[in-house]
1. Is it the case that some residue within region 686-706 is open to solvent by 10 Å² or more (accessible area, probe 1.4 Å), within 15 Å of ligand 1 (Cβ to nearest atom) and within 28 Å of GLU12 (Cβ to Cβ)?
2. In region 477-487, how many residues are open to solvent by less than 10 Å² (accessible area, probe 1.4 Å) and within 13 Å of ligand 2 (Cβ to nearest atom)?
3. Residues to consider are VAL774, VAL806; find the one that is part of a strand (DSSP E or B) and aliphatic (A, V, I, L, M).
4. Have a look at PHE513, PHE518 and point out the one that is open to solvent by less than 10 Å² (accessible area, probe 1.4 Å), within 16 Å of ligand 1 (Cβ to nearest atom) and under 27 Å from ASN611 (Cβ atoms).
5. Of everything in region 488-546, what is within 21 Å of LEU468 (Cα to Cα), out of contact with any helix residue (DSSP H, G or I) (no Cβ under 6 Å at 6 or more places or on another chain), part of a helix (DSSP H, G or I) and away from ligand 2 (no atom under 16 Å from the Cβ)? Give them in sequence order.
6. Would you check if there is a residue in region 422-438 being in contact with a His (Cβ under 6 Å, 6 or more places away or on another chain), modelled with pLDDT of 95 or more and either open to solvent by 10 Å² or more (accessible area, probe 1.4 Å) or not in a helix (DSSP H, G or I) (or both)?
7. Only one residue in THR184, THR207 is open to solvent by less than 30 Å² (accessible area, probe 1.4 Å) and not in a strand (DSSP E or B), so which one is that?
8. Of the conditions (1) buried (at least 22 other Cβ atoms within 10 Å of the Cβ); (2) within 16 Å of VAL241 (Cα to Cα); (3) of a type outside the set (S, T, N, Q); (4) under 31 Å from the mean Cα position of the chain (by Cα), PHE120 satisfies every one except a single condition; which number is it?
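The values are calculated or read from the model by the stated rules, or taken from the named source; none is laboratory data. Owing to the predicted nature of the structure, the values given are computational and were not obtained by experimental measurement. Methodologically, a virtual Cβ is constructed for each residue, glycine included, from the backbone with ideal geometry; neighbour enumeration extends over all protein chains shown. Note: accessible area is taken over every heavy atom of the protein model, side chains too, but ligands, DNA and RNA are not part of it. Shrake-Rupley method; radii C 1.70, N 1.55, O 1.52, S 1.80 Å.
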Amino acid sequence: MKFGYFDDPNKEYVITSYKTPYPWINYLGNKDFFSIISNTAGGYSFFRDARLRRLTRFRYNNVPLDDGGKYFYINDNGSVWSPGWKPVKAEVENYSCRHGMGYTVIGSEKDNLRAEVLYFVPVGDTCEVQRVSLRNTGKLPKRFRLFSFVEWCLWNANDDMTNFQRNFSTGEVEIENGVMYHKTEYRERRNHYAFYSVNTPVKGFDTDREAFLGIYNGFDHPDAVFSGNPGNTVAHGWSPVASHCVEIDLEPGEEKNLVFVLGYIENPEKEKFIAPKVINKERAKTMIARYDNNYKVEIAFRELKEYWDRQLSVIKLDHPDPRLSRMVNIWNPYQCMVTYNMSRSASYFESGIGRGMGFRDSNQDLAGYVQMIAPQAKKRIIDIASTQLADGSAYHQYQPLTKRGNAEIGGNFNDDPLWLIFGVATYIKETGDWSLLDERVPFDNNPDNAASLFEHLRLSFMHVVNNLGPHKLPLIGRADWNDCLNLNCFSSNPDESFQTTENQKGGVAESVFIAAMFVLYGADFVKMALKRDETGLAAEAQKHIDEMVEAVKNHGWDGNWFLRAYDYYGKKVGSRECEEGKIFIETQGMCIMAGLGLDDDKALEALASVNKYLACDYGIVLNNPAFTKYYLNLGEISSYPEGYKENAGVFCHNNPWVIIAETLTGNGHRAYDYYSRITPSYLEEISELHKTEPYVYSQMIAGKDAFTPGEAKNSWLTGAAAWCMYAVTQYILGVRPDYEGLMIDPCIPHEWNGFTVTRKFRGAVYRIEFLNPVHRTKGSWEITVDGKRLESNILPLFPEGTEHNVKVII
Ligand code: BGC
Ligand code: NOJ
């Protein structure tokens, strides 16, 4: 069952039924000011950091779901309703929510009145603009009242939800000319306030929540709205809110637009006040003036659209299947940009107060957006590398505001350092900018202890070499990519976190997954060393890699698939010898990506095992059989019920590894089949089961052993976004940035006749037409560039701004 449809020309998903199986959200903002908005106008805003600078309040896991947001109410002669259906939930007609690139439009109709709200954050500004369009569709004049509503958060979202003994006494506001200013804590240590304005005179306002709603009412039944009369209240403590009341007259057919601005302002210390207790509103007024009529809003909105058109012009696919094209052209890169902005902080599954930026997550996210924002990717790499420790190990997370490693979360996830090599390699392949390796980057943010980024990578590489176990495989440390494979944790205390609790020393737990990563990204390190004429170092590194290949050959193969790990005691994990969890997905994907098993039949055999034991209708599950009980020596993985999360859920992040592996063995049919099982646009028809948005990937889809197979959770902030973008564009469609140029290497279902990819790469534009006249899935190619036959499959580099026609006959 569908709840809307894709509008590809407008790059929108249009939700036509407000009762989606879960709130379907969108993100507004690109730089400093961000909002999350659901299809019924739920959500919240923050400045930079969802924890420390939360502007409006949101209650996670609330009853009812998704209550609290940027609400509008209409009181049309006693008939009260909301254009987004919620919060009033009165019957409305022609409801639609258009989630677009950085904007959302929600509207509906009732009693011959159409009300539509456009929400967006202008490019480069620190506010959310809300344009309310009201049209009289009837034959009689109309007079009605419109109420706006936001609830302020007292800045620190964690404190705001816990420290009521203090918070109920701190709230402060100011009101001037219908603009409501939220200035809690501004008089002491804060240099910032927020405001909410409208570009028309108001009938009244409210800033005291209890007065506006009535103490025992929910958002669905505010007293002020139902009575039609705002109380002009001034909040002192408790819960300050901001609500305007505007009276509107509309002739038949007439339309009016109102512009509301929710802004965030910072003032220098000396300019905070203009009189005792009176805040300096100059910057707010200037901001309000930037959007005080519809024309200005239109211009700002157009700028936003142009911004996104530019971002999305880097890779353009023309393919007969719209489900594929819309992912590659619109939604997948869009989601990747959201992961750039949010990392894993704020979604409808991440509370914004929990996780910092992951060391490994951020390096992988990069692979999904580097082609759009290379300079930011470079900065991000330097931020990440600056938290690395001098022995090559890494903090598992760092905090976005301070950019410092998070000591509370700790480190020792032994895959982390290698992801830095992946991030850097991905950046260089895209940009050709080798100078990144020469950047001086501190260790642990200490400027007195710095080295070239290349040296950081050497330490990452050597960190593995220096931490090998008895099978000459890498010691796993706290865990590897799979955060829940806690082989040294042995936690029996429910009050401990599997992620941070002190590990038991003295074990020998080794990871075949890290071994494969080492072989794969070690090869990039060798290339970089050679590029810098460090031939001795390159040869030494190659020797370590060759030894690792041997170690995997000798100790990493289980007969029909790659082993996953050895536990604390040296016992196999992910082996047919195990009672449960006999086979794991991660090593099948990563080993084959590293080329292991490609020179004999092991890769094919491993992939056949994946197909037999792990693949299901909804994707490839993480392990099989699922763990049905808790294993002290395995940790969090066995804490999840069967079929969910890391215990045999379809963990979408790692499915692309198998997809890539399939392309490396030439099975384009299976690669695409697996892709389509987890890609949201292909799941639109089963939205009632899938539950999460049909336009973005979810971290997990419940696997075959789950109670509800196919039900997804944790949409938006997942490494699946980057890896799916990477797999589909570089390995299925086969347009792959490499050090020397753009490599052409498609692997597709044989039925495909052809497709075209237009790719911007290092300044030039390549229009690449693929033809598949004899219906192959992979093979040798006949490539012509501007009519001239090319001998290799690496397209040459061209001067900035030039355009080239490439024809590829498979
Ligand atoms: C989740 C993992 C996550 C980890 C760290 C675990 O509870 O299952 O997916 O990586 O927490 O936040
Ligand atoms: C989510 C985490 O963000 C990521 O770092 C990890 O690799 C996966 N879970 C798998 O555990």
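1. yes
2. Number satisfying all stated conditions: 6.
3. VAL806
4. Criteria check complete, one pass: PHE513.
5. ALA523, ALA539, GLU540, LYS543, ASP546 - these are the residues of region 488-546 that are within 21 Å of LEU468 (Cα to Cα), out of contact with any helix residue (DSSP H, G or I) (no Cβ under 6 Å at 6 or more places or on another chain), part of a helix (DSSP H, G or I) and away from ligand 2 (no atom under 16 Å from the Cβ).
6. no
7. THR184
8. (2)
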